[in-house]
Every structure is written in structure tokens, then in C-alpha cells.
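Report on the following structure.
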Amino acid sequence: MEQETPSSPRVAKSERQWREELSATEYHILREAGTEPPFSGQYTDTTTEGVYSCRACGAELFTSDTKFHSHCGWPSFFDPARSDAVLLREDRSLGMVRVEVQCATCHSHLGHVFTGEGYDTPTDQRYCINSVALTLRPRADG
């Protein structure tokens, strides 16, 4: 299901500012829609409970309650933290049609969402997200 991307993000910076604030890898993935190699990300297999935020702007995107092991090589979630946390847009790169996931706050590239793959999740969706696009804030103990 696609969403219309708003014309301007709530956190807007020049590409020069993004380059200064992000590492080369972060910039490539978040601002140039790159992809980290499978099974290389720091959050691929983590089971730490907490909130996953956008590495570029800090907006809350996903929670550990919706993370699941898809064994695809990237962190997988079945639902965003809030319905307005991410934007979805058609992506026709690489000669196929996919649905890109962007941070709704800064429009940074996060990954892609896939539907109908047969995972036993409440939404039958897999938000396949680059670890480099995320920052995990662990839950505080009791």
C-alpha cells in the first residue's frame, strides 16, 4: 500500500549538512537509498528490548515488540511504532517494483516493505530495514 510523500520533511537539511552529520556509510544508505550487505548490520539478530529511531533525525520508527527473525539478513519488523512514523513510496529501481520505506520526519531511506511472504505476523508484512538507518534505545529496567 502506497502513501503520498509530503512535499517537504519536518526535519529539512541541505545535503551538505547531512554529509557533515552522517558517516559516509550512513549518508549512502539514508540519503542515497543504499543498502548494507546482508547479515552485516548490528541489529540484524539483536533481541534487546527498546525503541528503534531514525539514525539521521532521531524520530521513533519501530519497537522491539514488532521485530521478528525473518532470516533475510536485515532487521525485520511487522509494523511501525505509529501509523505516521514512516512514508511508503513506489520504488522502480533495480528493474523491479518494490515499496520503499522512508522516515516520515526527515525522508531518509530506511529500507523496503514486503507483503504476503507468509511470515506468521499480525500484518503479514516485513519491513526490511537497514541497521545503519537505525539507533536502538534499550528499555530502562523496571
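If we sort 24-33, 107-116, 68-77 on the protection proxy, mean other Cβ atoms within 10 Å, highest first, what's the order? Each step should come with its number before you reach the end.
Numbers: 24-33: 17.0, 107-116: 20.4, 68-77: 18.5.
Put in order of decreasing packing, that is 107-116, 68-77, 24-33.
What full-extension length gain, to one decimal in nm, is calculated for residue 65 and residue 28 as 0.36 nm per residue of separation minus the Cα-Cα distance?
10.5 nm
Please give me, ordered by residue number, the trypsin sites (Lys or Arg not before Pro) of the range 50-142 that lie in loop per DSSP and have at most 15 other Cβ atoms within 10 Å. It would help to have the intermediate numbers written out before the result.
Values: sites: 55, 67, 82, 89, 92, 98, 126, 139; in loops: 55, 82, 92, 139.
Passing sites in the range 50-142 are 82, 92, 139.
Overall form of the range 4-65: oblate. Here a/c, set by the Cα gyration tensor axes a ≥ b ≥ c, is 1.5 or more, and a/b is not larger than b/c. Computed from label points 7 Å out along Cα-Cβ, the spacing between residue 83 and residue 17 is 3.0 nm.
Along each principal axis, taking the top coordinate minus the bottom one, the Cα set of the chain gives 41, 41, 28 Å in descending order. Sort the range 84-135 into rounded, prolate or oblate with this rule: let a ≥ b ≥ c be the square roots of the eigenvalues of the Cα gyration tensor; rounded if a/c is under 1.5, and if a/c is not under 1.5, prolate when a/b is larger than b/c, oblate otherwise. Taking the square roots of the gyration eigenvalues as a ≥ b ≥ c, the range 84-135 is oblate.
Defining a contact as two alpha carbons under 8 Å apart and six or more residues distant in sequence, what relative contact order in percent does the chain show?
Values: 288 pairs, mean separation 40.7, N = 142.
Once divided by the residue count of the chain, the mean separation gives 29 percent.
Taken together, the values in this text are just the output of simple stated rules run on the coordinates, not laboratory data. Predicted model only: the values in this text are computed from it and were never measured. Ideal geometry is used to build each Cβ from the backbone, glycine not excepted, and the neighbour counts take in all protein chains shown.
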